[in-house]
Amino acid sequence: MPNDLNTLSLTETTTDTIAVDVTDIPLSLYIHIPWCVKKCPYCDFNSHELPIDSELSMYEKYVDALLLDAAMQRPLTQNRKIGSIFIGGGTPSLLPISQYQRLFTGLRTCFEFSEDIEVTMEANPGTLEHAPFAQYLKVGINRLSIGVQSFAADKLKVLGRIHDPVQALSAIRAAKAAGFARVNVDLMHGLPQQTMNEALEDIQMAHDAGATHISWYQLTIEPNTVFYRSQPILPDEDNLADIEQAGQALLQQLGYSNYEVSAWAGASDKPCRHNINYWQFGDYLAIGAGAHGKVTIGCNDSNGGHSSDVKDKMEDDLLVASGIYRFSKSRLPKDYVVMNPDVMEMSEIRQITPKMVGWQAIDQDELVSEFMLNALRLHGGVAWSMFEKRTGLTLDSIAEQVNSLVKQGLLVDSDTQLQPTILGQRYLNQILRAFL
């Protein structure tokens, strides 16, 4: 990159902001299924143990709420297609297959899906926690992410997982046998009393069982978890570094490509499109208890209408101007679930729709830090032009910080690509602090 970022010829404007073309921003959908059989001691996600007296009607009401939520967010698409869907939790595979059939039938009437849409569902290995995998394929789910975490029985017990190593291996093989060409396996390293050989064996076993993508990430202790209140003894920093280095070498040897901090795509697979959209600061709608979304509202939609046209269709007049917004939904399932919309008037539906409890515009200072927080997770970085296209800010606004980081050897010296150097990947937090 030249010493003076101002010499970049990616924009002709000299102002601090530029118009954003919303139609050029990919759109995804996140769906949250909040229940799990048992809350794991390391988990800080919005998950809730299944009520003892749970009934099938609970799932039906929840899907009713999901579809109503989706319908009320439809104006936010601004005539864009949904390019990817990610179903997370909780344990999404607890939702009965009949409810997935209802859900996807309804979503297809609400949104327009891309012809090559990627649809990922998280699943746990326990055989009683999911339907036969082939049934998910028929619904339209074409990518599985199986939460194994470890193949060592003692580590699974410490992590509070309810499956065993045999079930974990069986789930991966069953998914492949059912016809899933893309199967991610989640693995943790840096577990209590974990040796390097145990960490490497987890990777090898996932690969041998047929994983086409591996998410390999270090266990971290988060607030509001059991592990935070009663912390286990983890490997020291030197051992953690050795495990990470050896694990990365093995993954490379097995043909996996590390395109993001903890994401490894196998030779027969490709990066997760949904997560790439997050890291490239794309837009994503969100339905479900506690779900978080981000959407860009342009000055004009593809039909020439103003952002107020979107506002008029949304609940509570949330949209007051063009800009980039974040929103969230009520966290507790009982607060999220609403009455049956089939017997209600539209005016009543608008009053009881799952609320956007966290609707907020992202200001300019936050836009820079949030874009960098996401984009710099990608080892290959992103095009400099994407910064302007996704934030509406000019490169002039960050020239001073970028030039300093290039001189420090933390960012690649390129007039086309925003990318951390190898050193920058190690000191990512230092880069991010420069944009705060």
Practice task
May I ask you to verify whether SER57 is of a type in the set (Gly, Ala, Ser), farther than 21 Å from LYS329 by Cα and either open to solvent by less than 10 Å² (accessible area, probe 1.4 Å) or without any contact (Cβ under 8 Å) to a residue 24 or more places away in the chain (or both)?
Solution key: yes
Exercise for the section: Would you confirm whether any residue within region 60-83 is open to solvent by 10 Å² or more (accessible area, probe 1.4 Å) and closer than 23 Å to ALA171 by Cα? Expected result: no
Problem - Selection count, region 37-52, where residues are without any contact (Cβ under 8 Å) to a residue 60 or more places away in the chain and either over 26 Å from ILE324 (Cβ atoms) or in a strand (DSSP E or B) (or both) - result: 5
Fill in the blank from the handout: Here the qualifying pairs (Cβ atoms under 6 Å; residues six or more apart or on different chains; first in region 77-101 and of a type in the set (D, E, K, R); second assigned to a strand (DSSP E or B) and surrounded by 23 or more Cβ atoms within 10 Å (Cβ to Cβ)) come out as ARG80/LEU27
Exercise for the section: Could you tell me which residue of region 142-154 is surrounded by the fewest Cβ atoms within 10 Å (Cβ to Cβ), considering only residues that are in contact with a helix residue (DSSP H, G or I) (Cβ under 7 Å, 6 or more places away or on another chain) and of a type outside the set (S, T, N, Q)? Expected result: ALA153
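In region 88-117, how many residues are polar (S, T, N, Q) and farther than 24 Å from ILE146 by Cα?
Keep residues of region 88-117 that are polar (S, T, N, Q), which gives 91, 93, 98-99, 101, 105, 109, 114.
Subsequent filtering for residues that are farther than 24 Å from ILE146 by Cα retains 105, 109, 114.
The qualifying residues number 3.
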Exercise for the section: Could you tell me which residue of region 120-141 is farthest from VAL37 (Cα to Cα), considering only residues that are part of a helix (DSSP H, G or I) and open to solvent by less than 20 Å² (accessible area, probe 1.4 Å)? Expected result: VAL139
Handout entry: Total residues in region 368-408, condition open to solvent by less than 30 Å² (accessible area, probe 1.4 Å) and not in a helix (DSSP H, G or I)
Key = 7
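SER414 - would you say it is assigned to a loop (DSSP other than H, G, I, E, B) and either small (Gly, Ala, Ser) or at pLDDT 95 or above (or both)? Break it down into steps so the answer makes sense when it comes.
On the way: assigned to a loop (DSSP other than H, G, I, E, B): yes; either small (Gly, Ala, Ser) or at pLDDT 95 or above (or both): yes.
For SER414, the condition - assigned to a loop (DSSP other than H, G, I, E, B) and either small (Gly, Ala, Ser) or at pLDDT 95 or above (or both) - is met.
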Handout entry: Which listed residue is modelled with pLDDT of 95 or more, over 28 Å from ALA211 (Cα atoms) and not aliphatic (A, V, I, L, M), from GLY293, GLY298, GLY247
Key = GLY293
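Does region 192-215 hold any residues that are touching a Ser or Thr at 6+ places or on another chain (Cβ under 6 Å) and open to solvent by 10 Å² or more (accessible area, probe 1.4 Å), and which are they?
Passing the criteria: only SER215.
I'd like the residue in region 88-119 that is assigned to a loop (DSSP other than H, G, I, E, B) and either aliphatic (A, V, I, L, M) or open to solvent by 10 Å² or more (accessible area, probe 1.4 Å) (or both) and, out of all such residues, is farthest from TYR30 (Cα to Cα).
From region 88-119, those assigned to a loop (DSSP other than H, G, I, E, B) are 90-91, 95-96, 111-112; that's our starting set.
When the remaining residues are screened for being either aliphatic (A, V, I, L, M) or open to solvent by 10 Å² or more (accessible area, probe 1.4 Å) (or both), the result is 90, 95-96, 111-112.
Numbers: GLY90: 13, LEU95: 16, PRO96: 18, PHE111: 13, GLU112: 15 Å.
Among residues in region 88-119 that are assigned to a loop (DSSP other than H, G, I, E, B) and either aliphatic (A, V, I, L, M) or open to solvent by 10 Å² or more (accessible area, probe 1.4 Å) (or both), the one farthest from TYR30 (Cα to Cα) is PRO96.
The values are calculated or read from the model by the stated rules, or taken from the named source; none is laboratory data. Keep in mind it's a predicted model, so treat the numbers as computed, not measured. Neighbour counts run over all protein chains shown; Cβ positions are idealised from the backbone, glycine included. Just the protein is used for accessible areas: all its heavy atoms, side chains included, with ligands, DNA and RNA removed. Shrake-Rupley method; radii C 1.70, N 1.55, O 1.52, S 1.80 Å.
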